[in-house]
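The values are calculated or read from the model by the stated rules, or taken from the named source; none is laboratory data. In this text the structure is predicted, and so the values were computed from the model without any measurement. Neighbour counts run over all protein chains shown; Cβ positions are idealised from the backbone, glycine included. We work out accessible area using only protein heavy atoms, side chains counted, and drop any ligands, DNA or RNA first. Shrake-Rupley method; radii C 1.70, N 1.55, O 1.52, S 1.80 Å.
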Amino acid sequence: MAVYAAVCLVIFLIPLVLQDAFLLNKYARYLVFGMLAVSLCLSWGQAGILNLGQAMTFGIGSYCMAVLKLKTIPVHTGSDGLPDFMVWNNVTELPWFWTPFYSLVFALLAGVLIPAGCAALLGWFMFRGRVTGVYAAIITLAAMVVVQLLIIDQQQFTGGFNGITDLAQFDVAGFAFDAYDSATYYLVAICLTAALFLALAITKSKTGLILQAIRDEEDRVRFFGYDVALYKIFIFSVSAGIAGLAGMLYTIVMEFASPTFLGVPLSLSVVIWVAVGGRQSLLGAMLGAIIVTGVQGALSESETFLDSWTLVMGLLFVIVVLFMPKGIAGGMELLANRFGGHRAVPAVAAPKPARAEADDARRAESLS
């Protein structure tokens, strides 16, 4: 708990020493990716569910926030406040499913509950059918691709390949969150801290212990009488809800929503972040996402590594896999055990039963 609190405190102190608005916006994006990594760590690292479609719920949350913010934009090209892409596609009135997003409360709840509901529905079919391992990963990947293609195809309602742009600032009770202001950074930091400690509370509870047992030996947990499918659906839905919240924050920071947020590259990148940070450590997964995206951003903006930054990133991944198979968190734990004074306790031989001692005595006498 102390380590988690210390890391979160450092995150909150960054705006006090950094006054550059562009860098604050960039660091806020890194924190959003850290939250997305925490969400995957819950399902993959704690329950053994490798979700290759984590970007699906992230993108759904992003579009929920975009619809809310698009409604508040004061300038429209069509009558009755129609967005420009609807006018270009000859849409004469707002679709029925946009109306509930006039409410801020509904939009915020939808950004979390719709991804969680989609995950619960998908998880019900998968886990009730005892789909595990690589098959579950393939199904989640296929579901993400289907949702992405659906959003692109319905361009008269979603903006198609262009996504939803020209968004207003996120406004709560008259207070606007500028994407390049410290208020938005603190909003992301607060949500990240809440998500991190919520995930930590789940992992330390009895439910978390059962999920870890399911990860290690699913059949054995089932034989003990636990409803394995129900526990998997629960953690799968919680993971999706956190990813949806991260998607909403990403739209606030980036000021647009795009179908690329539901793409395969982002989803696979999340898996890499978690693997680098340590998939069995929530804090490690978060730091892995922040470190990897931060190094990637620094290298891609550097003139020296402008054309070779992808090779450098690949080399770093290989080094981590070879020398830190449990990720950064595993490597730090190993160093702490080695230099922190923790030494292995020598094993003490168990006393032999009296009959065994008598047999050994007779054997020794016969040999002499």
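Summary of values
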{"read-out": "Sole residue being buried (at least 24 other Cβ atoms within 10 Å of the Cβ), out of contact with any strand residue (DSSP E or B) (no Cβ under 9 Å at 6 or more places or on another chain) and either over 22 Å from Val134 (Cβ atoms) or modelled with pLDDT of 90 or more (or both), chosen from Leu283, Leu262", "value": "Leu262"}
{"read-out": "Residues located in the stretch 162-186, provided they are under 24 Å from Trp96 (Cβ atoms) and either in contact with a His (Cβ under 6 Å, 6 or more places away or on another chain) or of a type outside the set (Asp, Glu) (or both)", "value": "Asn162, Gly163, Ile164, Thr165, Leu167, Ala168"}
{"read-out": "Leading residue by the ranking (most open to solvent (accessible area, probe 1.4 Å)) among those in the stretch 89-109 that are touching a Phe, Trp or Tyr at 6+ places or on another chain (Cβ under 7 Å) and closer than 23 Å to Gly174 by Cβ", "value": "Pro100"}
{"read-out": "Gly278 being within 21 Å of Leu42 (Cβ to Cβ) and open to solvent by less than 80 Å² (accessible area, probe 1.4 Å)", "value": "yes"}
{"read-out": "Which listed residue is under 17 Å from Gly45 (Cα atoms) and not basic (Lys, Arg), from Val172, Val253, Val188, Val228", "value": "Val228"}
{"read-out": "Test result for Leu287, touching a residue at least 12 places away in the same chain (Cβ under 8 Å) and within 23 Å of Phe161 (Cα to Cα)", "value": "no"}
{"read-out": "Near pairs, Cβ below 7 angstrom, 6+ apart or cross-chain, from the stretch 256-279 (within 15 Å of Ala246 (Cα to Cα)) to any residue that is modelled with pLDDT under 90 and surrounded by fewer than 20 Cβ atoms within 10 Å (Cβ to Cβ)", "value": "Phe256/Thr165"}
{"read-out": "Verdict on Val134 being modelled with pLDDT of 85 or more, exposed (fewer than 13 other Cβ atoms within 10 Å of the Cβ), in a helix (DSSP H, G or I) and of a type in the set (Val, Ile, Thr)", "value": "yes"}
{"read-out": "Output for the stretch 137-166, where each listed residue is in a loop (DSSP other than H, G, I, E, B) and open to solvent by 40 Å² or more (accessible area, probe 1.4 Å)", "value": "Gln154, Thr165, Asp166"}
{"read-out": "Pair list, Cβ < 8 Å and 6+ apart or interchain, from the stretch 167-192 residues that are open to solvent by less than 70 Å² (accessible area, probe 1.4 Å) to residues that are of a type in the set (Ser, Thr, Tyr)", "value": "Leu167/Thr251; Ala168/Thr72; Phe170/Thr184; Phe177/Thr184; Asp178/Thr184; Tyr185/Tyr27"}
{"read-out": "Tabulated pairs, the stretch 25-49, first within 13 Å of Ser281 (Cα to Cα) and in contact (Cβ under 8 Å) with a residue 40 or more places away in the chain, second in a helix (DSSP H, G or I) and aromatic (Phe, Trp, Tyr), C-beta under 6 angstrom, 6+ apart or interchain", "value": "Ala37/Trp273; Ser43/Phe236"}
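For (1) charged (D, E, K, R); (2) touching a helix residue (DSSP H, G or I) at 6+ places or on another chain (Cβ under 6 Å), each residue gets a yes or a no:
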residue	(1), (2)
Asp219	yes, no
Phe224	no, no
Asp227	yes, no
Ala243	no, yes
Val253	no, yes
Val271	no, no
Arg279	yes, yes
Ala289	no, yes
Ala298	no, no
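Okay, residues lined up against (1) acidic (Asp, Glu); (2) more than 18 Å from Gly288 (Cα to Cα); (3) assigned to a helix (DSSP H, G or I); (4) open to solvent by 10 Å² or more (accessible area, probe 1.4 Å):
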| site | (1), (2), (3), (4) |
| --- | --- |
| Ala6 | no, no, yes, yes |
| Leu16 | no, yes, yes, yes |
| Ala37 | no, no, yes, no |
| Leu40 | no, no, yes, no |
| Gly45 | no, no, yes, no |
| Met65 | no, yes, yes, no |
